[in-house]
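Accompanying notes for the structure given below.
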């Protein structure tokens, strides 16, 4: 059985470019452990999934979001 295709949440919001400084949006596309969610779970189109991935990596580098959440030594 095929799943019904999801619509891209970024296309629906009519956002042209995903900004890595928007922490709330970047956190929406990461798991509770801090991993990047795949497009099949988020419903993002290929173009926006690439922008999301690039944005999350840039936000991690700029220390806006953590690499790993819930990590305690």
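Each value in this text was obtained by applying a stated rule to the coordinates, not by laboratory testing. Quantities reported herein were computed from a predicted structural model and do not represent experimental measurements. All Cβ positions, glycine included, derive from the backbone under ideal geometry; neighbour counts span all protein chains shown.
Can you order the peptides 22-29, 51-58 by their average number of other Cβ atoms within 10 Å per residue, highest first?
Numbers: 22-29: 15.2, 51-58: 18.5.
Sorting 22-29, 51-58 by mean packing, highest first, produces 51-58, 22-29.
Mean residue ellipticity at 222 nm from the helices of the chain, using -39,500 (n - 2.57) per DSSP H segment of n ≥ 4 over the full residue count, to the nearest 500 deg cm²/dmol? List each step's numbers first, then the result.
On the way: 4 runs with 30 residues, N = 73.
Mean residue ellipticity, 222 nm, calculated: -10500 deg cm²/dmol.
So if I restrict to the alpha-carbon atoms in the chain, what is the Rg, and what is Dmax, the biggest pairwise distance, in Å?
For the chain, the Cα-based Rg and Dmax read 13.0, 43 Å.
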